[in-house]
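What follows is a set of notes on a single structure, which appears directly below.
The values are calculated or read from the model by the stated rules, or taken from the named source; none is laboratory data. Remember, it's a predicted structure, so these values are computed and weren't measured experimentally. Every residue, glycine as well, gets a Cβ built from its backbone with ideal geometry; the counts of neighbours run over all protein chains shown.
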Amino acid sequence: MLNSKNYHWRIAGFYFFYYAFVGMFAPYWSLYLKSIHFDVIEISILMSIQPVMRMVAPGIWGWLADHTGKRLMVVQAAAGLSVLFYLGVFATTSFWGLFLVLALMSFFWSASMPLVEATTLSYLGKNTENYGRIRSWGSIGFILTVVGLGFAFDYIAIAWLLWAGLVCELGILMFARQLPSTDVLAHHTDHQPIRQIVLQPRVLALFGACFLMSVAHGPYYTFYSIYLVEHGYSKSAVGGLWALGVICEIGVFFLMPALANRFGFTRILLASFGAAVLRFLLIGWAVDWVVLLLFAQMLHALTFGAFHASSLGLVHQFFQGKHQSRGQALYGSVSYGAGGMLGGLASGPIWQHWGASALYSFSAGMAFLGLLLMWWKLRNAAHGVLTQA
């Protein structure tokens, strides 16, 4: 049996490389696609493949992990196959070639995180207040990648991005093989079909609101970097702005135990949606005002950091026992998968026909709908805390 210190660095290492890959992909992949002469519609389609797979794959892999009881083996197999199919990006620059490669890679890449989230929360048990400290290593990986590549691409060709992605993929595989095995504790809901939990009004409301938040973020992840470059920002400045948001996110992760105990997850989520409305309006209409753009990025602490930790905490409370893996998988599929897909696919046509200001106003509108749904269905819910299992 390994001691808890070893468990922490093994889990933290996986988060580091997984989100380092996100730091490579989200800010710069659209710039790479633009460099090989894809138009905005093609870019929006290719950038939406990953959210599509995050909608489809986690449910399949979550069912397999719960059905076999071999969660760790599933994570390791998915990580290995993700590396294998990622190698295809070196072999093609055609639209359909990249479509196939990204679809296969993303199907396996997106499988692991919900299972690792369930593993982390199972490992922490009643000490889930430490989740943010472990998860913050993912944010550190994101920052180092996004800032480092941002400076690098002011001097080297964007095509080197492909090699950065390969390093991240290999890191994911290495730490997937180091993750600890955790026991799934029996719970009184184990005999219930999972649909009985999903169909509870509070669960449906949470999933619906999280879906809308991911729709709101779709244009951000698809076109934010291109948007900034077109307004005269250097690639290093783009990387710095992405990093600023994640630095603020890390701070919130460390503050979450105190915030959750004082305000509860539901109130934090309401604040997150309100902050998202303001943030996307600022991005859409104040891009040339550096101070306001910096403030908008600081709001990432709420629109992602506090949002993610709070929604994950509620999902962990709603889905316990043998339903943990599938609960996290469903959350990822509905929110980051289906929501991210819709937001990404809508980005291209809105950008092309109505411009960036309209696009980010659309994001603000989606966040506002999520706020209304949260207020309608969850405002009177009992406020959970991070220490509850």
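Numbers below:
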{"quantity": "Failed condition for Ala216, given (1) in a loop (DSSP other than H, G, I, E, B); (2) under 22 Å from Gly343 (Cβ atoms)", "calculated": "(1)"}
{"quantity": "Within the stretch 233-259, considering residues that are in a helix (DSSP H, G or I) and small (Gly, Ala, Ser), the one nearest to Ser310 (Cα to Cα)", "calculated": "Ala258"}
{"quantity": "Filter pass, Leu31 being in contact with a Phe, Trp or Tyr (Cβ under 8 Å, 6 or more places away or on another chain), within 29 Å of Phe151 (Cβ to Cβ) and either in a helix (DSSP H, G or I) or not hydroxyl-bearing (Ser, Thr, Tyr) (or both)", "calculated": "yes"}
{"quantity": "Residue that is within 15 Å of the chain's Cα centre (by Cα) and more than 15 Å from Thr266 (Cα to Cα), where the choices are Gly305, Gly337, Gly327", "calculated": "Gly337"}
{"quantity": "Failed item in (1) in a helix (DSSP H, G or I); (2) over 16 Å from the mean Cα position of the chain (by Cα), with Ser272 passing the rest", "calculated": "(2)"}
{"quantity": "Candidate set from the stretch 148-160 (those that are under 11 Å from Lys235 (Cβ atoms) and of a type in the set (A, V, I, L, M, F, W, C)); member that is surrounded by the fewest Cβ atoms within 10 Å (Cβ to Cβ)", "calculated": "Ile156"}
{"quantity": "Subset of the stretch 36-76 [part of a helix (DSSP H, G or I), at pLDDT 85 or above and charged (D, E, K, R)]", "calculated": "Glu42"}
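Here's the yes/no breakdown for (1) closer than 20 Å to Leu312 by Cβ; (2) not basic (Lys, Arg):
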{"residue": "Tyr221", "(1), (2)": "yes, yes"}
{"residue": "Gly232", "(1), (2)": "no, yes"}
{"residue": "Lys235", "(1), (2)": "no, no"}
{"residue": "Gly274", "(1), (2)": "yes, yes"}
{"residue": "Phe295", "(1), (2)": "no, yes"}
